[in-house]
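As structure tokens, the structure follows; a few thoughts come after it.
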Amino acid sequence: MSDTSQLQKLPKVARPSTPSALSNALVFGWRAVLKFKHVPEQLFDLVMTPIMFTLLFTFVFGGALAGSPSEYLQFFLPGILVQTVVFNAVYSGMGLSTDLGKGLFDRFRSLPIWSLAPFAGLMVGDILRHLIAGTIILIIGLILGYRPEAGLFGIIAAFAMLIAIGFGMGWIFIVLGLLIRTPTTVMTLGFTFLFPLVFASNIMVDPATMPDWLRAFVDVNPVSLMTSAIRGLMGGGVSLGEILLALIAPVVLTAVLAPTTLWLYLRR
Amino acid sequence: MNDTSPAIKLNAPLDASPNAISARGLVKAFGDVRAVDGIDLDVPRGIIFAVLGPNGAGKTTLMRMLATLTRPDAGSASVMGHDLISAPHAVPTAIAMTGQFASLDEDLTGRENLVLLARLWGFRGRAAKARADDLLAAFDLSAAATKQVKDYSGGMRRRLDIAASLIVTPGVLFLDEPTTGLDPKARKDVWAMIRGLADSGVTILLTTQYLEEADQLAARIAVIDRGKKIAEGTSRELKAATGSGFLHVAIADPARLDEAAGILEQRLGHKANRSTEGAELSILAGTAKDANEALAVLVGQGIELSNFSMGQPSLDEVFFALTGQPGTDTSREEATL
């Protein structure tokens, strides 16, 4: 074994000056980017479902729901962006649950770094995922005939809002990832919780035809509020009130769940 | 490393204590189970120290407490001069831990894993890459540097995992069962690596359930069982503490094993350890004369012996004498694989 002599040659290295919390978080973000490179399949999962939804709803239901597929697309596309971001958050929780099962986080925890840095890194990865998936869906929408009336500025504002939504929703699945050992359980639980939220909203249809009791829920469903804001931002005519209502859920989730995350993580 | 400041001292000791680790009365309970039940430990600087015990003895919990991954319920400890209770955030700057399960990102390459950790420690750009390459070379992994870790063999993973603990040369390196699950060749490689690290001046605390491993590597051994330390010393001291020697006998007719064990236990006043596969007994014998007399009784009863010998106890027998349970012997485990 030649290792022992090689080991003797290994230079001893002292700790460099302490990196900033931001630098730690960016390193974890770089890890998320490397994952895209090595596991491109995850992008496929990420993008195929919303593409299928867009195509099926537009062409199968569009005519019946809104008179014509092109008119329906104009209504549906901002909603599918919200749905994509909300569903994507689940993958982040699955990834965390996988990492925790492998002891990777023990390594991170035994390093002298900012405690929340690994989670901030997950968020960086999530935001990249949201941007990639959102851009692909928007491009497909544009090809199919979607026209954002508020123009480029509206699109940029809508994507900023999507990032805020993804950031807030992400905490739910980070907490689930910390609590639940098996990644598939995180996924099952996540979708069980998200399906009613996404379908009982104004993403796919105008709630005007729903029974009163359901409409009462749909009107206050955070997903509906988010969708209304994105629609307004992309289509023009958004009010400040709509934007603030849409931001309530992400702000509350972050305020409550970020400290919870830290507590759960340090308690383990 | 040209890029790092030469002004930084290498884990300079904060105190004059000759001990890298000093622990008193550490306790950790999970529900009703006291996983670690009042352990004192003094690990001198610069040696390999082994914590030996069976599965579930509390080895990993003890190590996780010292590495600040688990908070102790009671007791105190200092690691490289940093107090575990009052300054837990200072401890990670002086230690590194390689856990039982490879703590690597399987999707990334070996080099990316090391660069990631080097950046987290604060190395920038080129310095991080240079350190990663140095470590890959030292651990004989340069050829696999750009392969994803999921394609590594068990031994390669283990080496990368240990390399990942040496980004910054630690004062104390914790190795939790460093060779569990490795084949004999890979195990010997990891042993050579651990010795090399100790020679370079790193204090190493390792846990193991393999008596042979502790015997081979460690300058001092603490034996723990059910959360308590039951013995500590050098391998030789532990063997000597159990008495002058062990009598080993092999019985020609396995059917008479119980009878033979009964006779030996009665004559020598100790419990006989039965081997699981052969008709063999080993028992602590006070003196050679006692052993001879006991053998004479066996022969007098017409129990035919196919073999007998008297010798220094193995660590396996030491463990048996200390706990009343057989330990886990590497050779035995390999034989049954």
Set A:Gln42, A:Gln83: member being within 14 Å of chain B (Cβ to nearest Cβ), of a type in the set (S, T, N, Q) and farther than 30 Å from B:Lys185 by Cβ: A:Gln42
State whether the residues of the stretch A:242-262 include one that is assigned to a helix (DSSP H, G or I), more than 21 Å from the chain's Cα centre (by Cα) and either surrounded by fewer than 18 Cβ atoms within 10 Å (Cβ to Cβ) or acidic (Asp, Glu) (or both). no
Could you say whether any residue in the stretch B:191-207 is over 22 Å from B:Val115 (Cα atoms), in the same structural domain as B:Asp133 (by TED's automatic domain parsing), surrounded by 21 or more Cβ atoms within 10 Å (Cβ to Cβ) and in contact with an Asp or Glu (Cβ under 8 Å, 6 or more places away or on another chain)? yes
In the list A:Phe199, A:Phe217, A:Phe195, which residue meets the criterion of being out of contact with any helix residue (DSSP H, G or I) (no Cβ under 8 Å at 6 or more places or on another chain), free of Cβ contacts under 8 Å to residues at least 60 places away in the same chain and under 21 Å from A:Leu138 (Cα atoms)? A:Phe199
Quick check on my filter: what residues within the stretch A:239-268 are without any contact (Cβ under 8 Å) to a residue 12 or more places away in the chain and more than 30 Å from A:Arg109 (Cα to Cα)? A:Ser239, A:Leu240, A:Gly241, A:Leu244
Odd one out for B:Gly58, checked against (1) surrounded by fewer than 20 Cβ atoms within 10 Å (Cβ to Cβ); (2) under 16 Å from B:Leu206 (Cα atoms): (1)
Test: residue in the stretch B:215-234 that is within 14 Å of chain A (Cβ to nearest Cβ) and closer than 23 Å to B:Gly81 by Cα: no
Residue tally, condition surrounded by fewer than 21 Cβ atoms within 10 Å (Cβ to Cβ) and either at pLDDT 85 or above or hydroxyl-bearing (Ser, Thr, Tyr) (or both), over the stretch A:92-107: 1
Can you tell me which residue in the stretch B:257-280 is farthest from the chain's Cα centre (by Cα), limited to those that are surrounded by fewer than 18 Cβ atoms within 10 Å (Cβ to Cβ) and of a type in the set (D, E, K, R)? B:Glu259
Which ones in the stretch B:137-151 are surrounded by 19 or more Cβ atoms within 10 Å (Cβ to Cβ) and over 25 Å from the mean Cα position of the chain (by Cα)? B:Ala144, B:Val149
Limited to the stretch A:251-268, what total is found for residues that are among the hydroxyl-bearing types (Ser, Thr, Tyr) and closer than 16 Å to A:Pro222 by Cα? 1
Quick check on the stretch A:43-61. Is at least one of its residues among the charged types (D, E, K, R) and crowded, with 18+ Cβ neighbours inside 10 Å? no
Which numbered condition B:Glu304 misses (of (1) surrounded by 14 or more Cβ atoms within 10 Å (Cβ to Cβ); (2) of a type in the set (D, E, K, R); (3) at pLDDT 85 or above): (1)
Residues in the stretch B:91-101 that are surrounded by fewer than 23 Cβ atoms within 10 Å (Cβ to Cβ) and either within 7 Å of chain A (Cβ to nearest Cβ) or over 17 Å from the mean Cα position of the chain (by Cα) (or both): how many? 4
Can you spot a residue in the stretch B:17-28 that is more than 14 Å from chain A (Cβ to nearest Cβ), modelled with pLDDT under 85 and either crowded, with 16+ Cβ neighbours inside 10 Å or assigned to a loop (DSSP other than H, G, I, E, B) (or both)? yes
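The values are calculated or read from the model by the stated rules, or taken from the named source; none is laboratory data. Model, not experiment: these values are computed from the prediction. When we count neighbours, we look across all protein chains shown, and the Cβ atoms used for this are built from the backbone with ideal geometry, even at glycine.
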